[in-house]
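The values are calculated or read from the model by the stated rules, or taken from the named source; none is laboratory data. Because the structure is a prediction, the values reported are computed rather than measured. Because the Cβ atoms are built from the backbone with ideal geometry, glycine has one as well, and the counts that use them run over all protein chains shown.
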Amino acid sequence: MKNNAYYKPHISEFYFGFEYEFCSVSKVKNEETGKDEHIEEWLPRVVGEGVWDLQKQIKPFITSNRIRVKCLDNEDITSLGWQALDVQTDSPRFLWKDEGRILTLRHEYALRMIYIFDDEVGVGYYCGKCHNKSQLKDIMKNLELIQKKYVVV
C-alpha cells in the first residue's frame, strides 16, 4: 500500500541529514494572457546540504507551508534495504537479512508506528513512532543495521 501523504514538520524535527521537500515558486509570464503566473515545484532537500539557518530561514518556510515531509511509506522502507513481504495490507511487513539476523519490520500506517523484531528468538528491537524515512534511517543506525556516518569538522 503506497501512502504518498505529507505532513508539516515542526522545527524541532530538523537535524543534519533530515530529508524534507521545499516548495520553490517561480514567476512566469503566460504567453496567451500576458499575465504573471506562479509555478510551484516541490524539490527534495537534506539538512546540511547548502547553507540554511534553521531558525531564520527554514522556520518561516514551515510557517508559510512551503516545507513538507513525506510520511514513511513502502517505497521508503524498501529503498533502505528491507524486502517487502505482504505490502497490500494496512500493516505491511518487511524482511531484513544480514550476518546471522533475520528481522521483521511491521509498519502501522494509521498510527505512524513501526515494530522491528526477531521472530526466531522472540526479541523486539524497536517499537515506536516513525513518521518519515529520516527517522527510520536513524533507528536503523542505532540498531547497527546500517553504518553511521560521522562528519569531521
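Taken together, the residues in segment 102-146 that are among the polar types (S, T, N, Q) and in contact with a Cys (Cβ under 9 Å, 6 or more places away or on another chain) amount to 1. Can you name every residue in segment 61-74 that is within 17 Å of the chain's Cα centre (by Cα) and either aliphatic (A, V, I, L, M) or surrounded by fewer than 14 Cβ atoms within 10 Å (Cβ to Cβ) (or both)? Listed by number, the residues that qualify are Ile62, Ile67, Val69, Leu72. In segment 55-103, the qualifying residues are those that are out of contact with any strand residue (DSSP E or B) (no Cβ under 6 Å at 6 or more places or on another chain) and among the β-branched types (Val, Ile, Thr), and the one that is farthest from Leu43 (Cα to Cα) is Ile102.
Kindly indicate whether any position in segment 23-46 is within 19 Å of Cys130 (Cβ to Cβ) and crowded, with 17+ Cβ neighbours inside 10 Å. No, because not a single residue in segment 23-46 is within 19 Å of Cys130 (Cβ to Cβ) and crowded, with 17+ Cβ neighbours inside 10 Å. When Glu37 is tested against (1) charged (D, E, K, R); (2) out of contact with any helix residue (DSSP H, G or I) (no Cβ under 7 Å at 6 or more places or on another chain); (3) not in a strand (DSSP E or B), exactly one condition is not met: (3).
Looking only at residues of segment 80-108 that are hydrophobic (A, V, I, L, M, F, W, C) and not in a loop (DSSP other than H, G, I, E, B), we find that the one that is surrounded by the most Cβ atoms within 10 Å (Cβ to Cβ) is Leu105. Taking the listed residues Leu111, Leu43, the one that is in the same structural domain as Glu13 (by TED's automatic domain parsing) and within 27 Å of His10 (Cβ to Cβ) is Leu43, with no other qualifying. If you check Ile58, Ile77 for being surrounded by 14 or more Cβ atoms within 10 Å (Cβ to Cβ) and either at pLDDT 90 or above or in a loop (DSSP other than H, G, I, E, B) (or both), only one passes: Ile77.
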